[in-house]
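Written out below as structure tokens is the structure these notes cover.
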Amino acid sequence: MKIFKRMKEDMDVVFEQDPAARTYLEVFLTYSGLHAIWWHRVAHAFFKRKMFFIARAISQISRFLTGIEIHPGAKIGRRFFIDHGMGVVIGETCEIGDDVTVFQGVTLGGTGKEKGKRHPTIKDHALIATGAKVLGSITVGEYARIGAGSVVLKDVPAHATVVGIPGRVVRQHGKKVEKTLDHHKLPDPIQDRFNQLQKEIDTLKKEIAQRKEGEQNDDSNL
């Protein structure tokens, strides 16, 4: 019964996060993110019993069927939600807390051939948007948000928003960051800089025009 309760809990998260979800039957049969998580739990059980070959075989079957690669050694908490999921990669020593959301193309990987803890730790309620890469033995804090396409190589504080390559903290405050699916609305520091430069260019153009107008008036008065 405990297994079925966990499976229903996983499906309930889909209804909370994905407005396209319609029925339990549809979610049960068609959501690859759910299937990958369920396969992982089986593989992880074998991994903990040091039955590594069977664990890896199960994880590879899951990868073939879902397009999501989760190493059987990864530790994943409850209500983990993978949206779409194609191309998601989660490394062996990765630790994921409760109520974490990741989107397609996310990599939680290592940075080389180092031993020991070499993959990220993702704390509760974090959100990692499409195509983001979180690499190395770093920690992403509670309620943190990683913007689409970001490459994160350093620790991310709790309640922080990170964007860019390399990832930079662009927002952090004491209250909770609401975890929504609007990951395309994260701040863009590069675009902000372009906007600032455009304003400076417009100001210079006005000053040049005013000087030219002043010189023309001086010439007409001669």
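A few points about this structure:
- In plain terms, the C-alpha convex hull of the chain casts an average shadow of 18.0 nm² when viewed from every direction.
- In order along the range 68-80, the Karplus-derived 3J(HN,Hα) couplings, from 6.51 cos²θ - 1.76 cosθ + 1.60 at θ = phi - 60°, round to 10, 10, 10, 5, x, x, 5, 9, 10, x, 8, 6, 6 Hz, and Gly and Pro are given as x.
- Each of 151, 100, 140, 14 was scored by other Cβ atoms within 10 Å of its Cβ. Arranged with the fewest first, they read 151, 14, 100, 140.
- Relative exposure of 11, 86, 51, judged by other C-beta atoms within 10 Å (fewest first): 86, 51, 11
- Span-rule helices in the chain, defined as complete DSSP H runs reaching 18 Å or more along the axis (Cα) with Kyte mean at least -0.5: 32-48, 52-66
A short reminder: the numbers here are calculations on the coordinates, not readings from a lab. Just so it is clear, the model here is predicted, and its values are computed rather than measured. Positions of Cβ are generated from backbone atoms using ideal geometry, with glycine treated the same way; all protein chains shown enter the neighbour counts.
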